[in-house]
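This report concerns only the one structure given below.
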Amino acid sequence: MKLIVDRLHVTLDRNPILRGVSLEVGQGDVVGLVGPNGSGKSTLLRTVYRALRPATGVVRVGDDDVWELSPRAAARRTAAVLQDTGGNTTGLTVTEIVSLGRAPHHGLLGRDGAEDHEAVADAIDRCGVRPFADRDHASLSGGERQRVLLARALAQKPKLLVLDELTNHLDIRARFELLDLIRATGVTTLAVLHDLDLAARLCDHLVVLRAGTVAAAGPVLKVLTPGLLADVFGVQAHTERHADGVIRITYAARPLARDVDPRDHPCRRDGTPVAMPPPGTPAPDRARSPE
């Protein structure tokens with residue numbers, strides 16, 4: 001199911017946080033939301049999963065404005081996986097945590113039925129948490145807990161996943177395992193990511209936020225140009241697709257943009273780097289003006 005965000009404005013304590021933000025996530029696509037700290041990424045995500053009402057603008061999942069749906073109906077469409085805050089889940093097993101994802105499908109006094117049990121079992125298997133399904137959730141590692149949170153979201157059978165910095169505080173293997181799980185779901189996904197390298201590997205498209213506005217949006221290679229990386233993130237780097245198909249970002253030896261003379265790393269107008277001769281190559285003769 002497609003997600004459309006149209007001209008969204010959000011103000012908190014009279015301060016504009018988001019200003020005219022628009023984006024689109026096609027059905028089955030994974031779109032990364034990236035940008036410096038304080039650019040409005042998590043605020044935008046909160047409007048998508050109905051935790052924060054915008055001042056103006058529309059968020060549509062499918063054909064419906066999410067704010068015209070009941071909370072229960074909206075939760076059946078959109079599942080949010082937020083950062084693991086280590087809340088008190090002592091005494092709850094992994095299976096019980098995952099089963100909470102079925103709540104939007106129940107009435108006030110609803111009981112789990114065959115469909116619920118099937119959805120929970122499927123989510124547990126897809127996220128690889130079956131080996132510790134009966135363990136206390138509080139006893140798990142950070143990577144294991146994030147898998148459980150993703151399983152809970154999938155148990156909702158959502159049409160849209162929104163993920164807020166899901167890979168934070170995980171070791172590198174756990175990060176890649178989680179990214180593989182997200183790609184394998186096939187669910188339309190909007191994900192806030194701090195790590196640009198992981199975003200480039202995971203996402204079909206990127207949306208770059210800066211100071212509450214969209215600085216760029218589109219395919220990864222068209223968005224993460226040297227010019228944008230310097231202008232928005234303050235680093236000297238370039239992005240390319242390697243022979244194995246993976247998009248990688250290569251940072252300059254002195255990556256901080258303010259420390260680098262742009263004459264040492266010239267770029268064309270489209271932001272692509274100009275090939276420079278190897279160190280020690282004699283400079284070409286230049287015509288001298290008459291004295």
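Annotation: extensible slack from residue 180 through residue 11 equals 57.3 nm (criterion: 0.36 nm per residue apart, minus Cα-Cα distance). Length, then width, then depth: along the principal axes, the Cα atoms of region 185-248 run 32, 29, 17 Å. Computed extension gain for residue 173 through residue 243, at 0.36 nm per residue and net of the alpha carbon distance, reaches 23.0 nm.
Within region 1-39, name every residue whose backbone N is under 16 Å away from a label modeled 7 Å from Cα of residue 55 along the Cβ vector. Under cut-off, by backbone N: 7-22. Judged by the ratio a/c of the largest to the smallest principal axis of the C-alpha gyration tensor, region 126-213 counts as prolate, that ratio being 1.5 or greater while a/b is larger than b/c. Peptide packing: for 168-181, 191-204, 233-246, 143-156, the average count of neighbouring Cβ atoms within 10 Å per residue gives the ranking 143-156, 191-204, 168-181, 233-246, highest mean first. Distance from the Cα centroid of region 153-192 to that of region 1-71 is 18 Å (rounded to whole angstrom). Please give the contour-minus-distance gain from residue 37 to residue 117: 0.36 nm per residue of separation, less the Cα-Cα distance, rounded to one decimal in nm. Length gained, residue 37 through residue 117: 24.8 nm.
What is the diffusion coefficient of region 3-223 in µm²/s, taking the Kirkwood radius over Cα pairs and the Stokes-Einstein relation at 20 °C with a viscosity of 1.002 mPa s? Show your work: numbers first, answer last.
On the way: Rh = 17.9 Å.
Value of D from the Cα-based Kirkwood radius: 120 µm²/s.
Amide H contacts of residue 236 (H built 1.01 Å from N, in plane; Pro and chain starts excluded): 252, 256, 257 sit under 5 Å, all sequence-distant by 5 or more or on other chains.
No lab work stands behind these numbers, since they all come straight from the coordinates. Keep in mind that this is a model prediction, so the values were computed, not measured. Reconstructed Cβ throughout: ideal geometry from the backbone, glycine too, with neighbour counts over all protein chains shown.
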